[in-house]
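The values are calculated or read from the model by the stated rules, or taken from the named source; none is laboratory data. Keep in mind that this is a model prediction, so the values were computed, not measured. Note that each Cβ is placed from the backbone with ideal geometry, even for glycine, and that neighbours are counted across all protein chains shown.
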Amino acid sequence: EPEVTQTPSHQVTQMGQEVILRCVPISNHLYFYWYRQILGQKVEFLVSFYNNEISEKSEIFDDQFSVERPDGSNFTLKIRSTKLEDSAMYFCASRPGGGANVLTFGAGSRLTVL
Amino acid sequence: DAKTTQPNSMESNEEEPVHLPCNHSTISGTDYIHWYRQLPSQGPEYVIHGLTSNVNNRMASLAIAEDRKSSTLILHRATLRDAAVYYCISYNQGGKLIFGQGTELSVKP
């Protein structure tokens, strides 16, 4: 069964450092998402991406965050200058276009900011 | 997207059916009801979705009330592997999924 792949599975970084989380969505999917989950809290929407541009973003997704689809396969989330409160699990998801609106999520990347 | 209400937690015995309720009294006519689950230390996983009619798939069944103000996810025979947080989401197709707190299901052997 096709799956969404995320790397790294765990990253530890110092506060103020830049971090890039990578995702390989399912190959024929057109819509891409990033979510995050702080330990013990609910899954929160960050951003959605379609046709090479952001289609929607949450209040969490401020100027420190950016997303990119640099080639035909990868979808990245960059945090420019990490803060302690950015420590969380980050989930990438994708879905096909058309009438199918089921999201497939990756296993997540755990980010720890020290 | 309409708000949904679920119990915080439920318990089940292994190999017994489980009925997970969800209230969505403000759901609009075009919103689908989606269920996802999140196993420990994993990403959310799609379970089932429907609009008006009851739905069955290999994982579960979804029973939707006639007035669409509530629904029930049915796991026919719970296994230990079904222990997870189950999210009921009212979803305006094409938008974003908004997760609530969900129901934490524990399964006892």
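A few points about this structure:
- A:Gly16 being surrounded by fewer than 15 Cβ atoms within 10 Å (Cβ to Cβ), of a type outside the set (Lys, Arg) and at positive phi: yes
- Residue in segment B:61-81 that is within 22 Å of A:Pro96 (Cα to Cα) and of a type in the set (A, V, I, L, M, F, W, C) present: no
- Total residues in segment B:8-44 satisfying the condition of being over 10 Å from the mean Cα position of the chain (by Cα), charged (D, E, K, R) and surrounded by 15 or more Cβ atoms within 10 Å (Cβ to Cβ): the figure is 1.
- Strands (runs of 3 or more DSSP E) lying entirely in chain B (those with 3 or more residues that are touching a His at 6+ places or on another chain (Cβ under 6 Å)): B:84-91
- Only one of the numbered conditions (1) surrounded by fewer than 21 Cβ atoms within 10 Å (Cβ to Cβ); (2) under 27 Å from A:Glu1 (Cα atoms); (3) within 14 Å of another protein chain (Cβ to nearest Cβ) is not met by B:Ala83, and that is (3).
- Residue in segment A:65-80 that is surrounded by 21 or more Cβ atoms within 10 Å (Cβ to Cβ) and in contact (Cβ under 8 Å) with a residue 40 or more places away in the chain present: yes
Condition check ((1) closer than 20 Å to A:Tyr35 by Cα; (2) within 14 Å of chain A (Cβ to nearest Cβ); (3) in contact (Cβ under 8 Å) with a residue 12 or more places away in the chain; (4) not polar (S, T, N, Q)) across all residues:
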{"residue": "B:Glu14", "(1), (2), (3), (4)": "no, no, yes, yes"}
{"residue": "B:Cys22", "(1), (2), (3), (4)": "no, no, yes, yes"}
{"residue": "B:Thr26", "(1), (2), (3), (4)": "no, no, yes, no"}
{"residue": "B:Asp31", "(1), (2), (3), (4)": "no, yes, yes, yes"}
{"residue": "B:Tyr36", "(1), (2), (3), (4)": "yes, yes, yes, yes"}
{"residue": "B:Ala65", "(1), (2), (3), (4)": "no, no, no, yes"}
{"residue": "B:Ser71", "(1), (2), (3), (4)": "no, no, yes, no"}
{"residue": "B:Tyr87", "(1), (2), (3), (4)": "yes, yes, yes, yes"}
{"residue": "B:Leu105", "(1), (2), (3), (4)": "no, no, yes, yes"}
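- Segments classed as strands (runs of 3 or more DSSP E), wholly inside segment A:1-109, with at least 1 members that are of a type in the set (Gly, Ala, Ser) and within 11 Å of another protein chain (Cβ to nearest Cβ): A:44-50, A:53-57, A:88-95
- Selection of segment A:53-64 for residues being within 17 Å of A:Cys23 (Cα to Cα) and touching a residue at least 12 places away in the same chain (Cβ under 8 Å) yields only A:Ile54.
- The condition of being at pLDDT below 95, under 22 Å from A:Met89 (Cα atoms) and of a type in the set (Gly, Ala, Ser) holds for only one of B:Ser53, B:Ser41, B:Ser90, B:Ser25, that being B:Ser41.
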